[in-house]
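Each remark here refers to the structure printed beneath this line.
The values are calculated or read from the model by the stated rules, or taken from the named source; none is laboratory data. Please read all numbers here as calculations on a predicted model, not as lab measurements. Heads up, the Cβs are rebuilt from the backbone with ideal geometry, glycines too, and the neighbour counts pull from every protein chain shown.
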Amino acid sequence: MSYPFTSEELRVDRQREGGNQMSVMKRLFERLFGCSHDSTTWPQTKRWTDEAGNHVESYLVCLDCGCELPYDVANWKRVA
């Protein structure tokens, strides 16, 4: 039987969060269901040129997991 996290990860999590039981539950839910991407940066924009022309891409970065999330700057919303 394998658990979603090891006892070492739990110990480190308790030290980092000061033993807060809520952080342990949050970590468990993130392991089971994935990151909720609640904490993000301001929109970032990449611009580059290739043979097809200019390209612009806007995105947010999740501060918890580092995932880049597509972002629509015209409507100020994350793209699903």
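Anything in the stretch 30-80 that is modelled with pLDDT of 80 or more, part of a strand (DSSP E or B) and hydroxyl-bearing (S, T, Y)? List them, or say none. The answer is T40, T45, S58, Y59, Y71. Residues in the stretch 39-80 that are more than 28 Å from K26 (Cα to Cα) and loosely packed, with under 10 Cβ neighbours inside 10 Å: 11 in all.
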